[in-house]
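Nothing in this text is a laboratory measurement; each read-out follows from the coordinates by a stated rule. What you see is a predicted model; the values in this text were computed from it and never measured. Note that each Cβ is placed from the backbone with ideal geometry, even for glycine, and that neighbours are counted across all protein chains shown.
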Amino acid sequence: MGDRKEARETRDDAFQSFVIGRWPRLMRTAFLLTGEQHAAEDLVQSTLEQTFVAWRKVGSADDPEAYVRRVMINAHARKHRRRLKEFLAPKDDSGLVREVADTGDRIAQAEDRSALLQALAQLPPRQREAVVLRYWEDLTETQVAQAMGCSVGAVKSNAAKGIAKLRAIPGLAEMVTHGGRK
Amino acid sequence: MSADRETNQTMTDRDIALLLADAADEVEIGIAPYQAVIRGGRRRRARRWALATATALVIVGTSGGLALAGLRGGDGGEVTPAVTQRSTQPSTPEERHVYTPQETMLAAGTEQGETWYVTVDVWGAPRTEAEAAAQLRSMSSRHEEPWDKDNASALVGKITYFVRRSFGSGDPAFLMGNSVSKQDAMVGTDLQSAATPLDPKKTDGPLPLVVGHVAKTAQEVTCTWKDGSSTVARRVAAGADINSDEAAIRPAAGSPDNWFVCVAPAGTAYESAEVTK
């Protein structure tokens, strides 16, 4: 009995460390996925609650991060399936380019970060997930495929389309130039 | 950047990674709400997916591990224990409603000019993991997801039900659901119910709609409201008229239990529900 209690306390401690340690990074990822502070908090909290339920199994796994990513992406995808539109995202796949043509001036005037977030929000969810996991989370295509529950080919395709749309934004090129990153 | 690891990336990709990092910094990180996560996690663990949008759940009595003899089927006839019934049970998954649920309307009415109704979908028990996996896919196509949707084997030998409430032109909202084996059928005065608003937008308001399931033998459920008044739901036969003015206990196709719905009078809300006869 005492052993069991001790094991549970150890598990709880490990989960607490995990939550506190991963919270900042998960929040950033969720923010890029959702484009909004409160939605990001909700997504991360919900993800961690589900992780808690499965922690006995997850905590002892080799890569708990992979599980958490998968849960988060699933939750994000599920939300999209239900609501279709999250914030600014147009439904059609070619929305971003059209949107840029219509509102180029506004984007150009916007702050760099807001412009990128807005552009990101306009990507279809799967493209957004692929871009965020690949280029922000810095995962390999194989890891992204695991997180998204799809093939590596689908990851390549979604990431390439997403990046192409981001590149097509005039404001983005300016951002990079003015930011001195080229 | 390991984004360069697998494909031949350009400088622009690297720039985008940096821009994403910049954008990600815009979020306010705050303090990790550890206690809230634990509370939420415990809630999820306790109720599993038995209750989603309903805001009160009541489980009275015990169920599970009890004799099947004496249970009544949806048509009112005696249900024979599975072990002796096997030869007469439908054999294909289609006949057993594994891939298409049996849907029963439990109640309907009008609230502030909007029509509402409550339905239950009952999915037959898959016998193999392959049937369960196919069932999960069918459920998904109907936007019905059990808690352990990645674990098909957990559904083997269990019926799965989803209770949903529709209001006006909105999408049906999931109220309660579970996967249960025959041994989990309600007996005696067992009762499991959920109370919820009629209008899904009024999440902070009173809970006038009570939906639950009881043993096939239960003849009467009394829903007591906060103002002290009560409504009695009495057992009716399968196919009996749905009448919002009259609470009823009715069978649902494929379910080992009977189902009841009570609606609170205007101005009051759910207090308790119990089998009284």
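How large is ³J(HN,Hα), in whole Hz, for each residue of the stretch A:47-64 in order, when computed from phi with the Karplus curve 6.51 cos²θ - 1.76 cosθ + 1.60 and θ = phi - 60°, using x for Gly and Pro?
4, 6, 4, 5, 5, 4, 4, 9, 4, 4, 7, 5, x, 8, 6, 5, 9, x
Set the bar at 23 Å for Cα to Cα. Now go through B:Lys202/B:Lys277; B:Lys216/B:Lys277; A:Lys79/B:Lys201; A:Lys79/B:Lys202; B:Lys201/B:Lys226; A:Lys57/B:Lys182 and name every pair that lies beyond it.
Those over the limit are B:Lys202/B:Lys277; A:Lys57/B:Lys182.
Quantify how strongly other chains surround peptide B:134-141 by giving the mean number of their Cβ atoms within 10 Å of each of its Cβ atoms. List each step's numbers first, then the result.
Values: counts 0, 0, 0, 0, 0, 0, 1, 0.
What the average comes to for B:134-141 is 0.
Over all residues in B:35-42, what is the mean tally of Cβ atoms on other chains that come within 10 Å of each residue's Cβ?
Mean partner shielding for this stretch: 6.
Partner chain Cβ atoms within 10 Å, averaged over the residues of A:130-142 - can you pull that number for me?
Numbers: counts 0, 4, 2, 1, 9, 12, 9, 4, 8, 3, 4, 4, 2.
The per-residue average across the peptide is 5.
How many angstrom separate the Cα center of the stretch B:237-277 from the Cα center of the stretch B:184-224?
Using only Cα atoms, the two centres lie 7 Å from each other.
Going by average Cβ density within 10 Å per residue, which order do the peptides B:188-196, A:66-74 take, highest to lowest?
B:188-196, A:66-74
Mind listing the phi-derived Karplus ³J(HN,Hα) values for the stretch B:127-135, rounded to whole Hz, using 6.51, -1.76 and 1.60 with θ = phi - 60°, and x for any glycine or proline?
Result, rounded to whole Hz: 9, 10, 5, 5, 5, 5, 5, 5, 5.
Taking the stretch A:1-61 as the region of interest, what is the percent of Cα-Cα pairs per 5 angstrom bin, listed from the shortest bin to the one with the maximum distance?
4, 19, 22, 20, 15, 10, 5, 3, 2, 0
Just order A:12-18, B:153-159, B:93-99 by mean Cβ neighbour count inside 10 Å, highest at the front, would you?
Working: A:12-18: 15.3, B:153-159: 18.9, B:93-99: 17.3.
Answer by packing, highest mean first, reads B:153-159, B:93-99, A:12-18.
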